[in-house]
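Visitor: Dumping the structure here so I can ask a few things about it.
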Amino acid sequence: MITGRNHLGLILCIAFSFMAKLSIAQSSAPNIIIILADDLGYADVGFNGCKDIPTPHIDRIASNGVVFSRGYVSYAVCGPSRAGIMTGRYQDRFGFSKNPLLAPNDPEMGLPLEQQTIAEFLKEQQYVTGAIGKWHLGAYPTLRPNKRGFDFFFGFLSGGHRYLPEELTLQDLSEAKSQFDGYRTKLLRNEKRVEEKEYLTDAFSREAVHFVEENYKTPFFLYLAYNAPHTPLEATGKYLDRFKQIKDEKRRTYAAMISAMDYGVGLLMDKLQSLGIENNTIVFFLSDNGGPIHANASSNAPLRGEKGDFYEGGIHVPFAVQWKGHLPAGTRYDGPVISLDIFATAAALVSAEPRNTLDGVNLLPYLSGEKKGVPHDDLFWRNFAVEKFAVVGPTYKRIDQKDKAAQLFNLKKDISEKIDISSVVNNQSIMSDLENKIKRWSGLLIPPKFLGLLEDQEYSQQHPERWMVKDNK
Ligand code: CA
């Protein structure tokens, strides 16, 4: 029953929210861009010291803004890391613990609908929203980008894709019969399959620039999720020719793929400049996880490990943000930050409350110097399948895995995690403190809600209808 008082409250509430929306639409609610690379090594951008692959345009973001020297993602492989970015929450809270399988008939295989995405949130704040590139958060019709808050989508649904347009031979998912057939489908423009003529990375850059041109007069949110430089390693002569000096063929192609992405980032940054909206656009750049050294010849130096690991090489990524006129240019921020902070920062920018409690924090007051200390006391990771956990504090990191001895590293002195100091007598209180923190945090999590990439066969056996997709244009 609505009482008179509640009724009045409701009217006021509606009035205020209308006014709030109006003021955002009229004022300078900044545009928000996330540029996400895929499997890019920590060391493979100029702003982290890369020498053999120039990334002048990605480096512009760093020189115009802030480099996070300790920027993390919430998981060490693609899907769960993206679920974290998209929700601002540790994805194990809602069972997104594994890389989703391509399962276009399965409404459970992807980001649960009750989890509000950053796009759904910003759309409620009158933003125009666009997703370009890799999705990997569900292929069932209700889980696709256009149903998860994005007004516009151009890209593909699976966990990876081929880059050369002549290799996109499947009309749609009704022709897919195996997990990796998803790599060969024609691209989607919203819900329609389209013929693409360009190298995939160039196509995504073109669409990103176009999206900005179309929407720059209203606040917009652009999620530009390149699949570069994820395998398969494929590049065109235009970019390969830049790297004749790199002898290793794998790294040469990897370099060319990064160079294509960098070129596209340049086109996008040029567009912000020419439209005069740089000061009203915050741009985040990061990789979804660390480089898989052997698969794509990436480098995470000086970090230990690679994609899939909870050593720094798996979760500590190239990460920078620019917002001209608002954030100090050409600076570094050394406190631990995480990809989950992007949603929280966006929420602060529009002064609105997301539906779910976020694990990230608003980074802006830390970057401006208004707030001292670090944004997070601790950051956490869980790999459910192997019962592995990690916790990172401002100084120490503990890694636990079932049937293995726990490890402790001092990241301030030893970012390469060379010296395990878990057995040092004086460190025992640090060890138990971090163990208790992991226990408390893991109590917030639930088991995985779906089978993952490593359980492809098992899933197909359990779901004989997996590829019986009729209408998937
Ligand atoms: Ca990835």
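Visitor: Which numbered condition in (1) among the aromatic types (Phe, Trp, Tyr); (2) farther than 20 Å from Asn227 by Cβ; (3) part of a loop (DSSP other than H, G, I, E, B) is the only one that Phe121 fails?
Guide: Failed condition: (3).
Visitor: Just to be sure I understand, how many residues within region 259-276 are loosely packed, with under 14 Cβ neighbours inside 10 Å and either more than 24 Å from Leu40 (Cα to Cα) or among the aliphatic types (A, V, I, L, M) (or both)?
Guide: The total comes to 3.
Visitor: Run Gly314 past the list (1) within 16 Å of the ligand (Cβ to nearest atom); (2) without any contact (Cβ under 8 Å) to a residue 40 or more places away in the chain; (3) part of a helix (DSSP H, G or I) and report the number of the one that doesn't hold.
Guide: It fails just one condition, (2).
Visitor: For region 288-311, which positions are part of a helix (DSSP H, G or I) and over 16 Å from Ala228 (Cβ atoms)?
Guide: The answer is Ile293, His294.
Visitor: Could you figure out which of (1) within 16 Å of the ligand (Cβ to nearest atom); (2) surrounded by fewer than 20 Cβ atoms within 10 Å (Cβ to Cβ); (3) outside any loop (DSSP other than H, G, I, E, B) isn't true of Arg332?
Guide: (1)
Visitor: Output the qualifying pairs, or none if there are none: Cβ atoms under 6 angstrom, residues six or more apart or on different chains, first residue in region 230-241 and more than 16 Å from the ligand (Cβ to nearest atom), second residue not in a loop (DSSP other than H, G, I, E, B).
Guide: Ala235/Thr253; Ala235/Ala256; Ala235/Met257; Tyr239/Ala256; Tyr239/Ser259; Tyr239/Ala260; Leu240/Ala256
Yes/no matrix, rows are residues, columns are (1) away from the ligand (no atom under 16 Å from the Cβ); (2) part of a helix (DSSP H, G or I); (3) farther than 20 Å from Tyr333 by Cα:
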site: Arg60; (1), (2), (3): yes, yes, no
site: Ala76; (1), (2), (3): no, no, yes
site: Gly84; (1), (2), (3): no, yes, yes
site: Asp92; (1), (2), (3): yes, yes, yes
site: Ser97; (1), (2), (3): no, no, yes
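Visitor: Follow-up. Run down Tyr163, Tyr199, Tyr226 and say which single residue is buried (at least 18 other Cβ atoms within 10 Å of the Cβ), more than 16 Å from the ligand (Cβ to nearest atom), in the same structural domain as Met261 (by TED's automatic domain parsing) and more than 23 Å from Phe450 (Cα to Cα).
Guide: One residue alone meets the criteria, Tyr199.
Condition check ((1) touching a helix residue (DSSP H, G or I) at 6+ places or on another chain (Cβ under 9 Å); (2) outside any strand (DSSP E or B); (3) not aliphatic (A, V, I, L, M)) across all residues:
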| position | (1), (2), (3) |
| --- | --- |
| Arg242 | yes, yes, yes |
| Lys247 | no, yes, yes |
| Arg251 | yes, yes, yes |
| Tyr254 | yes, yes, yes |
| Asp262 | yes, yes, yes |
| Val265 | yes, yes, no |
| Leu268 | yes, yes, no |
| Lys271 | yes, yes, yes |
| Val283 | yes, no, no |
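Visitor: Another question, then. Looking only at region 277-327, how many residues end up being of a type outside the set (A, V, I, L, M), in contact with a strand residue (DSSP E or B) (Cβ under 9 Å, 6 or more places away or on another chain) and under 12 Å from Asp44 (Cβ atoms)?
Guide: 4
Visitor: Sticking with this one: For region 47-62, give me each residue that is small (Gly, Ala, Ser) and either closer than 12 Å to Val265 by Cβ or outside the structural domain of Pro318 (by TED's automatic domain parsing) (or both).
Guide: Within region 47-62, Ala62 is the sole residue that qualifies.
Visitor: Ala348 versus (1) over 22 Å from Ser287 (Cβ atoms); (2) aliphatic (A, V, I, L, M); (3) under 20 Å from the mean Cα position of the chain (by Cα); (4) crowded, with 18+ Cβ neighbours inside 10 Å: which is the lone unmet condition?
Guide: (4)
Visitor: Restricting to region 34-73, name every residue that is out of contact with any Phe, Trp or Tyr (no Cβ under 6 Å at 6 or more places or on another chain) and among the aromatic types (Phe, Trp, Tyr).
Guide: Tyr42, Phe47, Tyr72
Visitor: Which condition number does Pro145 fail, the rest of (1) within 22 Å of Met257 (Cβ to Cβ); (2) within 20 Å of the chain's Cα centre (by Cα); (3) not basic (Lys, Arg) being met?
Guide: The failed condition is (1).
Visitor: Considering only region 217-227, I want to know if a residue exists there that is under 14 Å from Tyr163 (Cβ atoms) and without any contact (Cβ under 8 Å) to a residue 40 or more places away in the chain.
Guide: No, region 217-227 contains no residue that is under 14 Å from Tyr163 (Cβ atoms) and without any contact (Cβ under 8 Å) to a residue 40 or more places away in the chain.
Visitor: Another question, then. Is there any pair with a first residue in region 390-408 that is surrounded by fewer than 19 Cβ atoms within 10 Å (Cβ to Cβ) and a second that is modelled with pLDDT of 95 or more and hydroxyl-bearing (Ser, Thr, Tyr) whose Cβ atoms are under 6 Å apart and which are 6 or more apart or on different chains, and what are they?
Guide: Here the result reads Ala406/Ser422, each pair linking region 390-408 to a residue that is modelled with pLDDT of 95 or more and hydroxyl-bearing (Ser, Thr, Tyr).
The values are calculated or read from the model by the stated rules, or taken from the named source; none is laboratory data. As the structure is a computational prediction, the values presented were derived from the model and not from experiment. Glycine also receives a Cβ, built like all others from the backbone with ideal geometry; neighbour counts cover every protein chain displayed.
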